[in-house]
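First up is the structure itself, then whatever we jot down about it.
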Amino acid sequence: MKEAIKKNNATRFFNETRIEDGFFVLSYRNDDDKVISVERDVDSSFIQFHFCLKGKSAFLFNNGSYVLDISEESSLLLYNPERDLPINLKIYPNSWMVSIVISIKKFHGLFSQEADYISFLNKENKENKYYKDGGISPSMSISLNQVINYNLNEIIKPLYFKAKAYELLSLYFNRSEDADIEQCPFLADESNVTKIKRAKDIMISKMAEPPTLQELSEEINLSLKKLKEGFKQIYGDTVYGFLFDYKMEVARKLLESGAHNVNEVGLKVGYSTGSHFIAAFKKKYGTTPKKYVQSS
């Protein structure tokens, strides 16, 4: 492996976590004001999933003669059985990236009974190269943030990252556009998708005092049934399930900033009492806000 970043400090880091043979997770964080570069040899037997959580990065191919950008909240799948695809990545200032690299043999084993569900694994396509860009759902964003901001014991890191890698792959393929439309035909209507996304934005903007589902459905002019079904299809969770995860992620970041005490953070994300916030935080992260801050 070649690395342009060999240190792990407060402003930038590159980490590689080996899950098992033929399966590893790379995480990159550049909070600096300079572009940084990472190079890593990857041969043709691997499939790559890249997720840009924040900022922007760029992949360089053929010694820099071809550049493929990946922007904030975007994903990129790369697979070419005919040639090696080494990672040659430029990470721009204030950018975060997570990559899952897994051998095609191991990956195929995950879907051996359902190969036709993953279009590039079927018999017609399995020898073809496959590039695909896409978005990052809120559920994926939460998992990616947990990878980037990992602060548990190093001994359990491979186990934790293995769980997160499987979770991310599950969420990635769960939001297949074709599968979504087949399971919930109204999503083929672009106006309905826009309404669901607007519902998500409303819940985020009013997270401290969120509307009821009925109020939300009336505001976006979509039936309650379609709101529930569509939200689950697009974001992989119920409206309030999504909001809970979002609020806990906001709370976690506020606690890490050190600018607010536990009660203040609870109020900011919509909990009128400290005890209710503490109980919710513990339900999500398995520890109290105070202990979380102490371990950070």
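Kindly state, to the nearest 0.05, the FRET efficiency for residue 290 paired with residue 94, given R0 = 25 Å and r defined as their beta-carbon distance. Numbers along the way, then the final one.
Details: r = 30 Å, r/R0 = 1.18.
With a Förster radius of 25 Å, E is 0.25.
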Quiz item: In sequence order, what are the phi-derived ³J(HN,Hα) couplings for the stretch 66-81 according to the Karplus relation 6.51 cos²θ - 1.76 cosθ + 1.60 with θ = phi - 60°, rounded to whole Hz, with x for glycine and proline?
Solution: 10, 10, 10, 7, 10, 9, 4, 6, 10, 10, 9, 9, 10, 8, 9, x
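On a full-extension model of 0.36 nm per residue, what is the gain between residue 153 and residue 214, subtracting their alpha-carbon distance, rounded to one decimal in nm? Don't skip to the answer; put the middle values down first.
Details: separation 61, 0.36 × 61 = 21.96 nm, distance 4.36 nm.
So the extension gain works out to 17.6 nm.
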Quiz item: So for 250, 98, 239, fewest C-beta neighbours within 10 Å to most, what's the order?
Solution: 250, 239, 98
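For residue 105 and residue 228 in the same chain, what is the full-extension length gain: residue separation times 0.36 nm, less their Cα-Cα distance, in nm? The partial results should precede the final answer.
Values: separation 123, 0.36 × 123 = 44.28 nm, distance 3.74 nm.
Length gained, residue 105 through residue 228: 40.5 nm.
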Quiz item: Can you run phi through the Karplus equation (6.51, -1.76, 1.60; θ = phi - 60°) for the stretch 84-101 and list ³J(HN,Hα) in whole Hz, with x for Gly and Pro?
Solution: 5, 10, x, 7, 10, 10, 9, 10, 6, x, 6, 10, 10, 9, 10, 10, 10, 10
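Per residue and in cubic angstrom, what volume does the convex hull of the Cα atoms of the stretch 241-295 have?
On the way: hull volume 3.6 nm³, N = 55.
Looking at the stretch 241-295, the number lands at 65 Å³ per residue.
Using per-residue counts of other Cβ atoms within 10 Å, averaged over each peptide, order 156-162, 167-173, 256-262 from highest down. It would help to have the intermediate numbers written out before the result.
On the way: 156-162: 15.1, 167-173: 17.3, 256-262: 12.4.
Per-residue mean Cβ counts within 10 Å order the peptides as 167-173, 156-162, 256-262.
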Self-check item: Flagged links, alpha-carbon separation over 28 Å, of 132/200; 105/164; 105/226; 90/290; 105/132
Solution: 105/226; 90/290
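Read the figures in this text as sums done on the coordinates, not as results from a lab. Since this is a predicted model, take the numbers as computed values, not measurements. For neighbour counting, all protein chains shown are included, and Cβ atoms are generated from backbone atoms with ideal geometry for every residue, glycine included.
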